[in-house]
Amino acid sequence: MASAAATGKTFQFKLVLLGESAVGKSSLVLRFVKGQFYEHQESTIGAAFLTQTINLDDMVIKFEIWDTAGQERFHSLAPMYYRGAQAAIVVYDITNKESFNRAKVWIEELQKQASPNIVIALAGNKNDLDTSRTTTYEEGSAFAEENNLLFLETSAKTANNVNEIFMVIAKKLPKVNPTTAGPQRAQGNVDLNPQQNTQSSKGCC
Amino acid sequence: RQTAFWHESLAKCDIDKMNKKQLDRQEAIFELFKSEVDLIEDLQMICNTYRESMRKLNLLNEDELTIIFGEIDSLLPIHRELAAKLVEQRLSDGRTEFVGDILLTWIPKLIIYVLYCTNLIHSKDLLDCKTKENESLRDFLNRCLNSPFSRKLDLWTFLDIPRSRLVKYPLMFKTIHKYTDTDHDDYNLLLESIDLVEEVIKDVDYNTGLARCKYIVDKLEYEDLKQVTELISESSFILCDGILKNRRGIKLHVFLFDKVMVLTRPVTAKNNVIKYRVYRKPVAMNKLFL
């Protein structure tokens, strides 16, 4: 599968967006991909995924962005293979505490289920709504630090830090196998992250 | 693929006559239509470009094609029907006023997704296995990947698109509903549509869970009769699974079924098939502290 494509230094990465419903996953993608924010226009939720290309130094980074909106409530219909993703953005809404707790669970799941080298970013979205904030910047930042995640507070509405979060991910992603690092790499093998848990008499969730 | 908006197809003066909510409603309806058309294109490409070529080139036999492509043929007419109905609903000025009725009669047909989604795990398994062992197939898929029509996506990604599409219907219907006035006929019809499509998805989700559980159970290998327990065959779901290390540093793939926890060691059997050899005795759920 690892054929050398003739496109030079183009790197393609699959990125998944996870988070509770209504935290602004789709808006973040739309803002990044289209450079637009439609206050009342949630277009593109119907698309399977969107792509966006950015330039980083002399490389072209192509993100293939999978918005998992709509899948949150259906356990068995969740993507079977976000294992194939090289990057993930876990989004919460800074005005909704529950969404922050849920983000922690997503991160745990990614660390357990996704490939060991996955780059995970935590995004505290809607930071334009600072007055109704329920999760402080410090809380988000501390959690990210403990878990070795990239962290930014973003606003899809004002575009604050939206391009930046994709940029820091692009910088951190390992640049190997130009263009073949696509979803094809995701195999049926279970490449779960080894856990330190040695207690075999306890459940893992 | 470019995102298209409804208002782009209209004259400026017509748009100016509409208020923001009406415009948003039209955009939401148009998005449902446009993404339905995209889906139809993808489905056709999967059938015509991938499956037909694989058949003609004898890369896979009929049984294998049936497993990999599943019920994809049954999905096409359903989505064509919705797209056609949405076109019929369109008024001469380009607006669409009513969609509730057509959605309510259409949604029950989505139950075919039970067959499609429950098969996906087998589809993925066989596709991976054949790609590993069959060089011509690998070559073919690589050529596809590097051709413009695939948009640099692999076959599995396309096969998985209907699943991710299905779960988006409630979101799209909710968006249309949000921009529908309370006194509009569609207001209640859309509420019913949202409930109905969520029921269908729940059904598909439930059955996909059962299928995944059965798939794993069939892959278990026992070393000792003492390991066999009816708790495994009675289980319907896998609540969680992952790799844990035991005290001696041996990696174990652990499956937490609804009735029992099974520790296994993954082994690669003949034909690159992965099996899970049961390690020690499975632990009944009622003996676990969670």
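The values are calculated or read from the model by the stated rules, or taken from the named source; none is laboratory data. It should be emphasised that the depicted structure is a prediction, and the values quoted were computed from it without experimental measurement. No Cβ is skipped: glycine too gets one built from the backbone with ideal geometry, and neighbour counts run over all protein chains shown.
Filtered by the rule that a residue be outside any helix (DSSP H, G or I) and either aromatic (Phe, Trp, Tyr) or at the interface with another protein chain (Cβ under 8 Å from one of its Cβ atoms) (or both), the stretch B:121-177 gives B:Asn146, B:Arg151, B:Lys152, B:Leu153, B:Asp154, B:Val167, B:Lys168. Counting only residues that are surrounded by fewer than 18 Cβ atoms within 10 Å (Cβ to Cβ), part of a strand (DSSP E or B) and hydrophobic (A, V, I, L, M, F, W, C), the stretch B:246-271 holds 1 of them.
Suppose the filter is within 30 Å of B:Lys20 (Cα to Cα), in a helix (DSSP H, G or I) and touching an Asp or Glu at 6+ places or on another chain (Cβ under 8 Å); does B:Leu196 pass it? Here the answer is no, as B:Leu196 does not meet what is asked.
For B:Asn272, state whether it is of a type in the set (S, T, N, Q), in contact (Cβ under 8 Å) with a residue 40 or more places away in the chain and under 29 Å from A:Glu109 (Cα atoms).
Taking the combined requirement at face value, the residue satisfies it.
Residues that are more than 8 Å from chain A (Cβ to nearest Cβ) and of a type in the set (Lys, Arg) within the stretch B:246-256 comprise just one, B:Arg248.
From the list B:Ser147, B:Ser136, pick out the single residue that is under 27 Å from B:Thr268 (Cα atoms) and small (Gly, Ala, Ser).
B:Ser136
Among the conditions (1) touching a residue at least 24 places away in the same chain (Cβ under 8 Å); (2) away from chain A (no Cβ under 12 Å); (3) not small (Gly, Ala, Ser), B:Val197 misses just one, which is (2).
For the stretch B:72-111, the candidate set comprises residues that are out of contact with any Leu (no Cβ under 8 Å at 6 or more places or on another chain) and of a type in the set (Ser, Thr, Tyr); within that set, the residue that is surrounded by the fewest Cβ atoms within 10 Å (Cβ to Cβ) is B:Ser92. Of the residues making up the stretch B:212-229, not a single one is without any contact (Cβ under 8 Å) to a residue 40 or more places away in the chain, more than 27 Å from A:Thr53 (Cα to Cα), touching a helix residue (DSSP H, G or I) at 6+ places or on another chain (Cβ under 6 Å) and at the interface with chain A (Cβ under 8 Å from one of its Cβ atoms). Taken over the stretch A:83-117, residues that are touching a helix residue (DSSP H, G or I) at 6+ places or on another chain (Cβ under 8 Å), among the aromatic types (Phe, Trp, Tyr) and part of a helix (DSSP H, G or I) amount to 1. Hey, does the stretch A:60-67 have a residue that's within 12 Å of chain B (Cβ to nearest Cβ), crowded, with 19+ Cβ neighbours inside 10 Å, assigned to a strand (DSSP E or B) and of a type in the set (Asp, Glu)? Looking for residues that are within 12 Å of chain B (Cβ to nearest Cβ), crowded, with 19+ Cβ neighbours inside 10 Å, assigned to a strand (DSSP E or B) and of a type in the set (Asp, Glu), one finds at least one in the stretch A:60-67, hence yes. Exactly one residue out of B:Ile243, B:Ile274, B:Ile238 is of a type in the set (A, V, I, L, M), in contact with a Phe, Trp or Tyr (Cβ under 6 Å, 6 or more places away or on another chain), within 10 Å of another protein chain (Cβ to nearest Cβ) and surrounded by 13 or more Cβ atoms within 10 Å (Cβ to Cβ): that is B:Ile238. Are any of the residues in the stretch B:106-113 under 26 Å from A:Phe13 (Cα atoms) and either hydrophobic (A, V, I, L, M, F, W, C) or without any contact (Cβ under 8 Å) to a residue 60 or more places away in the chain (or both)? Within the stretch B:106-113, none of the residues are under 26 Å from A:Phe13 (Cα atoms) and either hydrophobic (A, V, I, L, M, F, W, C) or without any contact (Cβ under 8 Å) to a residue 60 or more places away in the chain (or both).
Within the stretch B:238-252, the set of residues being within 15 Å of B:Arg280 (Cα to Cα) and of a type in the set (A, V, I, L, M, F, W, C) comprises B:Leu244, B:Ile250, B:Leu252. Within the stretch B:75-119, being modelled with pLDDT under 95 and among the aliphatic types (A, V, I, L, M) holds for one residue alone: B:Leu91.
Is it true that some residue in the stretch B:215-238 is under 24 Å from the mean Cα position of the chain (by Cα), assigned to a loop (DSSP other than H, G, I, E, B) and over 25 Å from A:Ala114 (Cβ atoms)?
Going through the stretch B:215-238, the residues under 24 Å from the mean Cα position of the chain (by Cα) turn out to be B:215-219, B:235-238.
Filter again for assigned to a loop (DSSP other than H, G, I, E, B), leaving B:219, B:235-237.
Filter again for over 25 Å from A:Ala114 (Cβ atoms), leaving B:235-236.
Yes, the conditions are met somewhere in the stretch B:215-238.
Screening the stretch B:12-66 for residues that are among the small types (Gly, Ala, Ser) and surrounded by 15 or more Cβ atoms within 10 Å (Cβ to Cβ) and picking the one that is farthest from the other protein chains (Cβ to nearest Cβ) gives B:Ala28. Selection over the stretch B:30-54 of residues that are touching a helix residue (DSSP H, G or I) at 6+ places or on another chain (Cβ under 6 Å) and either among the aliphatic types (A, V, I, L, M) or farther than 19 Å from B:Arg151 by Cα (or both) gives a count of 8. The single condition among (1) within 9 Å of chain A (Cβ to nearest Cβ); (2) hydroxyl-bearing (Ser, Thr, Tyr); (3) in contact (Cβ under 8 Å) with a residue 40 or more places away in the chain that B:Tyr206 does not satisfy is (3).
The combined condition, being within 14 Å of chain A (Cβ to nearest Cβ), in a helix (DSSP H, G or I), among the basic types (Lys, Arg) and touching a residue at least 12 places away in the same chain (Cβ under 8 Å), is not fulfilled by B:Lys85.
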